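What follows is a short report on a single structure.
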Amino acid sequence: MNHALPFDNSYARLPERFYARQPAEKVTEPRLIAVNERLAARLGLDVGAHSRPDWLQVFAGNAVPEGAEPLAQAYAGHQFGGWVPQLGDGRALLLGEVVAPDGARFDIQLKGSGPTPFSRRGDGRAAIGPVIREYVVSEAMAALGVPTTRALAAVATGQPVWREMPEPGAVLTRVAASHIRVGTFQYFAARSDVEALALLTDHVIARHYPGASGPLGLLDAVVAAQARLIAQWMSLGFIHGVMNTDNMAVSGETIDYGPCAYMDGYDPMKVFSSIDQHGRYAYGNQPQVAIWNLAQFASCLIPLMGEEAAAIEAATQSINRFADIYQAEWLRLFGQKIGIEAASEEDAGLIHGLLNLMAAQGADFTRTFRGLADGRAQDEFADRAPFADWARAWQARIARETGAEARMRGANPAVIPRNHRVEEAIQAARKGDYAPFERLNRILATPFDLAAEDANYARAPLEDEVVRRTFCGT
Ligand code: AMP
Ligand code: MG
């Protein structure tokens, strides 16, 4: 490939036990589904038309760009609370780290590029459905202003993968601040490999939290980043679906879009994932789960923190700060959603009042909040009287605010990746029609501004369009 990528692979310079070097498995008939030109520009990569054939081979795993050092990262994790001592990249490869023109560093990873030493019984491949879902939802997240991994490209491999039935295979090129997870720390902690933990800690501090001092400073920083992240998810009605410790990035980015979904009707305990039978990762449980995961992270850092009793005490205090940071961020975000610039504890009652009405009537989460600025929120309630009462108190409160309407329009998206639209894009893509996927991406690129001709993308699903279950699709 004649376009040199600005690779600088710091992870590949860590000791060999952090990963397995592994080339991608070639595919016979790759076809480009999408390339994200705006993200490429952000990274300083030239993906112009003349270079597309070269890029297609890179995104398919058929060509290794100069400077890339493909490897599968080792990690462990708690899945639904159960400990798994070895997971690792079973169907993904880190090609390397690209340093953007502004100096920011990004992992470039292929997902679905063939088996690795961590594949266990899996085929190392991805089906087109999960690739389309991750592309759409992660890019929508970025447009909504939420820290997230990104999608640089999607390629159809031309080869079927076998799930419940044969599905077209695909590869996603994922971009992330890093792919280091809580589970990466757990992998070494479980092996009592304190030397590796110390190296990993230094690596993550240098890369993500240069202001943090030592393992305790790192813990504080990750706790704060996760508290803010989860508050953002909550403010958008997002349900991650598989918040296993191996799916929690220490960078504070949303990662691993498996059975994730945005809810339509508000239900604080909503679950979509077919494998989440007990609702462990229900919408309303997400803050608690994050704390649980962070406690696992903290326990990995204890061996680096000196005298054990004092270390446990300090780590516990750090974890305990999650609740305050989360609450403050939640209040700020939901305050803005109802037009208040800096909501106080007194305003919390107003916010909860609305959420309770929404829960009681299953009002659409996105439409109700967006409707506040448009004067249409009452349309989301079958029984309007309780909402009218709430709205009187709310009007009185926001009379004291300036610019409330613009604030609400900036905080409440008109459009989110609704499940039925994602599903529609997936079903078409399976048949080789990428038009619905492209249209959805285009609309979700500006979620706070919806063109009149796209108004149909803001509506709730009709009864026969409602998606009740989502699948990991692994
Ligand atoms: P996930 O559910 O995507 O978070 O994946 C959990 C673990 O299963 C990770 O170690 C993945 O690499 C592995 N995995 C998932 N799907 C496959 C697959 N098709 N082939 C090999 N490994 C897989
Ligand atoms: Mg995962």
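Table for the structure above
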quantity: Yes/no for Ala460 being within 17 Å of Arg367 (Cβ to Cβ), surrounded by 13 or more Cβ atoms within 10 Å (Cβ to Cβ) and free of Cβ contacts under 8 Å to residues at least 24 places away in the same chain; calculated: no
quantity: Hey, Asp246 within 16 Å of ligand 2 (Cβ to nearest atom) and not in a loop (DSSP other than H, G, I, E, B) or not; calculated: yes
quantity: Top-ranked residue of region 68-84 - restricted to ones that are more than 19 Å from Ala298 (Cβ to Cβ) and away from ligand 1 (no atom under 12 Å from the Cβ), ranked as most open to solvent (accessible area, probe 1.4 Å); calculated: Glu69
quantity: Residue that is nearest to ligand 1 (Cβ to nearest atom) [pool: residues in region 440-474 that are within 22 Å of the chain's Cα centre (by Cα) and among the β-branched types (Val, Ile, Thr)]; calculated: Thr474
quantity: Unique residue being part of a helix (DSSP H, G or I) and closer than 26 Å to Ile132 by Cα when the list is Ala231, Ala227; calculated: Ala231
quantity: Every pair of residues 6+ apart whose Cβ atoms lie under 7 Å, when the first sits in region 237-251 and is closer than 16 Å to Asp276 by Cβ while the second is within 11 Å of ligand 1 (Cβ to nearest atom) and of a type in the set (Ser, Thr, Tyr); calculated: Gly241/Ser273; Val242/Ser273; Asp246/Tyr75
quantity: Cross-chain or 6+ apart pairs with Cβ under 8 Å, region 435-447 first and more than 13 Å from Ile416 (Cβ to Cβ), then open to solvent by 70 Å² or more (accessible area, probe 1.4 Å); calculated: Pro436/Glu424
quantity: Given (1) within 12 Å of ligand 1 (Cβ to nearest atom); (2) modelled with pLDDT of 95 or more; (3) part of a loop (DSSP other than H, G, I, E, B), index of the condition Arg121 fails; calculated: (2)
quantity: Yes/no for Ala342 being without any contact (Cβ under 8 Å) to a residue 60 or more places away in the chain and not in a helix (DSSP H, G or I); calculated: yes
quantity: The listed residue being open to solvent by less than 70 Å² (accessible area, probe 1.4 Å), within 30 Å of Gly158 (Cβ to Cβ), among the aromatic types (Phe, Trp, Tyr) and not assigned by TED's automatic domain parsing to the domain that holds Ile128, out of Phe471, Phe437; calculated: Phe437
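The values are calculated or read from the model by the stated rules, or taken from the named source; none is laboratory data. Computed from a prediction, not measured in an experiment: that's the story for all the values here. Every residue, glycine as well, gets a Cβ built from its backbone with ideal geometry; the counts of neighbours run over all protein chains shown. For accessibility, only protein heavy atoms count, side chains too; no ligands or nucleic acids. Shrake-Rupley method; radii C 1.70, N 1.55, O 1.52, S 1.80 Å.
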